[in-house]
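The values are calculated or read from the model by the stated rules, or taken from the named source; none is laboratory data. Note that the coordinates shown come from a computational prediction; the quantities given were computed from them, not determined experimentally. Virtual Cβ from ideal backbone geometry, glycine too; neighbours counted across all protein chains shown. Keep in mind that these areas ignore ligands, DNA and RNA; they rest on the heavy atoms of the full protein, side chains included. Shrake-Rupley method; radii C 1.70, N 1.55, O 1.52, S 1.80 Å.
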Amino acid sequence: MPNASPILVVDDEPHMRRVAELSMKPLGRPILLAADGQEALKLARSQHPCVILLDHIMPVMDGKQALQQLKADHETRDIPVVILSSRGQLALGQYQGFETATLFVSKPFSPTLLRREVERLISASKPIEPQQAAS
């Protein structure tokens with residue numbers, strides 16, 4: 001898949017970044033890795049990923065702060081963001097600030113199911129090719 005937009009994986013835990021990276025590898029896209037929200041913002045702005053997998057709890061800048069900044073920036077606001085949370089299902093009150101996330105996934109996650117969801121998001125965000133009129 002030449003020139004395919006990358007997938008950005010953001011997690012402060014190296015083993016979780018690795019699990020997510022290996023889960024996404026079969027999609028054949030470049031995979032970018034970040035350890036915190038600030039690094040994620042820089043990569044998102046410079047590399048324009050097709051999907052961002054964003055951990056909820058991280059040092060430096062957490063997932064909520066990173067999501068808010070991503071969605072406030074005209075260059076990154078349309079990128080689908082999947083929130084990964086080790087807190088199981090986020091309590092209703094914890095959703096505040098996450099309303100603009102595309103999807104929530106609890107850790108530990110099924111690599112196969114996560115890959116399917118990311119593939120679905122990528123397919124849904126592809127621009128529709130103009131159809132050529134029959135002559």
Task: Computed accessible area, residue 32, all protein chains, 1.4 angstrom probe, square angstrom - done: 40
TODO: Just subtract the alpha-carbon distance of residue 102 and residue 116 from 0.36 nm times their residue separation and send over the number in nm, one decimal.
DONE: 3.6 nm
TODO: Report the label-to-label distance for residue 45 and residue 15 in nanometres (one decimal), using points 7 Å from each Cα along the Cα→Cβ vector.
DONE: 3.4
